[in-house]
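Each remark here refers to the structure printed beneath this line.
The values are calculated or read from the model by the stated rules, or taken from the named source; none is laboratory data. For clarity, every value in this text was computed on a predicted model and none was experimentally measured. Please note: Cβ atoms are built from the backbone with ideal geometry, for glycine as well, and neighbour counts cover all protein chains shown.
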């Protein structure tokens with residue numbers, strides 16, 4: 001009888017250990033899923049930024065600025081992740097007007113850049129994620 005009770009205690013301890021290990025794995029998977037949504041790999045960040053990097057410079061033609069603005073609006077409308085949405089800041093460019101959402105992210109181009117002018121396009125990247133989160137567009141004084 002003594003051996004049977006010891007066997008039941010050992011079996012109970014094994015079942016309890018399996019339950020604790022399973023619970024630990026479940027919690028780890030839940031936490032990893034949340035973190036995976038926030039963090040992007042370096043390749044994903046580079047691929048995201050590469051869509052816009054080609055437009056950066058001091059003498060960007062108006063047609064290229066319009067293409068960049070269209071790409072930003074399409075990007076902002078196609079994602080629900082606010083960290084991937086881009087804000088457009090036209091400074092000194094009354095010709096460019098962009099409609100924004102509540103967070104200041106571009107949702108529609110209301111007035112486009114003048115195709116005969118050149119613009120300075122600068123990108124501001126988020127300090128923590130290195131994703132482009134703002135585009136500054138300034139009209140050049142001489143064309």
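Residues that are in contact with a helix residue (DSSP H, G or I) (Cβ under 6 Å, 6 or more places away or on another chain) and under 13 Å from residue 69 (Cα atoms) within segment 116-136 comprise just one, 119.
Given the criterion buried (at least 16 other Cβ atoms within 10 Å of the Cβ), over 15 Å from residue 50 (Cα atoms), modelled with pLDDT of 80 or more and within 17 Å of the chain's Cα centre (by Cα), identify the matching residue among 76, 66.
Numbers: 66 fails: within 17 Å of the chain's Cα centre (by Cα).
After ruling out the rest, the residue left standing is 76.
Tell me, please, whether a residue that is modelled with pLDDT of 85 or more, surrounded by fewer than 12 Cβ atoms within 10 Å (Cβ to Cβ) and closer than 16 Å to residue 123 by Cβ can be found in segment 10-20.
From segment 10-20, those modelled with pLDDT of 85 or more are 10-20; that's our starting set.
Restricting the remaining residues to those that are surrounded by fewer than 12 Cβ atoms within 10 Å (Cβ to Cβ) gives 10-20.
Cutting the leftovers down to closer than 16 Å to residue 123 by Cβ gives us none.
There is no residue in segment 10-20 that is modelled with pLDDT of 85 or more, surrounded by fewer than 12 Cβ atoms within 10 Å (Cβ to Cβ) and closer than 16 Å to residue 123 by Cβ.
Taken together, the criteria place residue 108 among residues that are in contact (Cβ under 8 Å) with a residue 12 or more places away in the chain, part of a strand (DSSP E or B) and touching a helix residue (DSSP H, G or I) at 6+ places or on another chain (Cβ under 7 Å).
Applying the selection to segment 83-98, what residues are in a strand (DSSP E or B), surrounded by fewer than 13 Cβ atoms within 10 Å (Cβ to Cβ) and without any contact (Cβ under 8 Å) to a residue 24 or more places away in the chain? First the steps, then the outcome.
At the first step, the residues of segment 83-98 found to be in a strand (DSSP E or B) are 87-91, 97-98.
So of that shortlist, the ones also surrounded by fewer than 13 Cβ atoms within 10 Å (Cβ to Cβ) come out as 91.
Those that are in a strand (DSSP E or B), surrounded by fewer than 13 Cβ atoms within 10 Å (Cβ to Cβ) and without any contact (Cβ under 8 Å) to a residue 24 or more places away in the chain: none in segment 83-98.
Answer yes or no as to whether residue 114 is surrounded by 14 or more Cβ atoms within 10 Å (Cβ to Cβ) and under 26 Å from residue 43 (Cβ atoms).
Numbers: surrounded by 14 or more Cβ atoms within 10 Å (Cβ to Cβ): yes; under 26 Å from residue 43 (Cβ atoms): no.
So residue 114 does not fit the description; no.
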